[in-house]
Amino acid sequence: MTAQKRISFQVVRDEVKRRIESRIWPQGSLLPTETQLAEEFNCARATVNRALRELADQGFVERKRKSGTRVKKEPSKHAKLELSVARQTVENQNSTYRYALVERNVVSSPGWLASQLSVSPNARVLHVICMHYADNRPFQLEERWINIDTVPEVEHADLNAQGPHEWLLNVAPFTEAEIAFCAISADGRLAEFMGTTAGTSMIQLERTTWKNGEPMTFARMTHHPGYCIRTSY
């Protein structure tokens, strides 16, 4: 039996998407089964399952139990979200931007992060906490973990004058990302950073990124009370 090679779900997802967009699998056609795709890509069936779930979420395919996966006849429209860096957002509001590095440490990946990024629990990651300000008022707290194996340059990068997000975009831009928006209540620590009171409602953005299929970063960006997110489609 051929050994399964380590292949990311992003590779499977992107290839299936390419075949759909190039009409190799036209609208309404039935895709091969998960087992058949797993055999073709020489990967685990769970990897194929996750790839197809993402394509279903993106509106490319529809999945029905016992009926298989079909290419959608009418692809869904999707909102377009601009992921600008904090500095650009603040300056676009005609406010004065200021950045402050709060904490920076190289640590072993905690268990929850190892699971999130699919890395070894002993993987070395750079943990960064920093603040972004608009007219000297707290705008965003950024807490980020960066996989040193994927971005070795970051271990000795100077992040005192430039935030890690902006540094990464300039030096090692990601190729894939997953984003989640969360409504949270500030705890005491967060309230202190953001100049508010515990229990205040806030928007927190979580983003996981990959570079050519390799796990890269996990970040939490918490915005000031009243922050608004807009999209277009």
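Read-outs: derived from the displayed coordinates by stated rules, not from any lab. These numbers come from a predicted model, not from an experiment. Glycine gets a Cβ as well: all are built from the backbone with ideal geometry, and neighbour counts include every protein chain shown.
Worth pointing out:
- Most fluctuating residue given options Trp112, Trp210, Trp167, as computed from a GNM of the chain linking Cα atoms under 10 Å: Trp112
- Shape category assigned to the stretch 86-223 from the gyration tensor of Cα positions, a/c cut at 1.5: prolate
- Anchor Lys17: aspartates and glutamates whose Cα lies under 17 Å away (excluding residues fewer than 8 positions away in-chain): Glu34, Glu40, Glu54, Asp57, Glu62, Glu74, Glu176, Glu178
- Counted charge near Glu103, where neighbours are those whose Cβ lies closer than 13 Å (Asp, Glu -1; Lys, Arg +1): +1
- Taking every alpha-carbon pair in the chain and binning the separations at 5 Å intervals from zero gives 1, 6, 12, 14, 15, 15, 12, 10, 7, 5, 2, 0, 0 percent.
- Distant-in-sequence amide H partners of Ser29 (H built 1.01 Å from N, under 5 Å): Val71
- Under the Karplus curve 6.51 cos²θ - 1.76 cosθ + 1.60, θ = phi - 60°, whole-Hz ³J(HN,Hα) for the stretch 122-129, x wherever Gly or Pro sits: 9, 4, 7, 10, 8, 9, 10, 10
- Expressed as a fraction of 2.2 N^0.38 Å, the value expected for a compact globular protein of N residues, the C-alpha radius of gyration of the stretch 9-71 is 0.98.
- Taking every DSSP helix (H) stretch of at least 4 residues in the chain, weighting each as -39,500 (n - 2.57) and dividing the sum by the residue count yields a mean residue ellipticity at 222 nm of -7500 deg cm²/dmol.
- Normalising the average separation of contacting C-alpha pairs (under 8 angstrom, six or more residues apart) by the number of residues puts the relative contact order of the chain at 16 percent.
- Per-residue extension of 0.36 nm, minus the Cα-Cα distance of Arg23 and Asp187, leaves a gain of 54.0 nm for this segment.
- Of interest is the spacing of the C-alpha centroids, which for the stretch 99-135 and the stretch 144-187 amounts to 8 Å.
- Largest GNM mean-square fluctuation across Ser115, Ser22, Ser185, computed for the chain with C-alpha springs under 10 Å, falls on Ser22.
- Positive minus negative residues near Arg63 (Lys, Arg vs Asp, Glu; Cβ under 13 Å): +3
- Across the stretch 102-114, computed HN-Hα scalar couplings (Karplus, 6.51 cos²θ - 1.76 cosθ + 1.60, θ = phi - 60°) run 8, 8, 8, 8, 8, 9, 7, 4, x, x, 5, 6, 4 Hz from first to last residue, x flagging Gly and Pro.
- The Cβ shell under 13 Å around Thr175 holds other residues with a net charge of -2, Lys and Arg each +1, Asp and Glu each -1.
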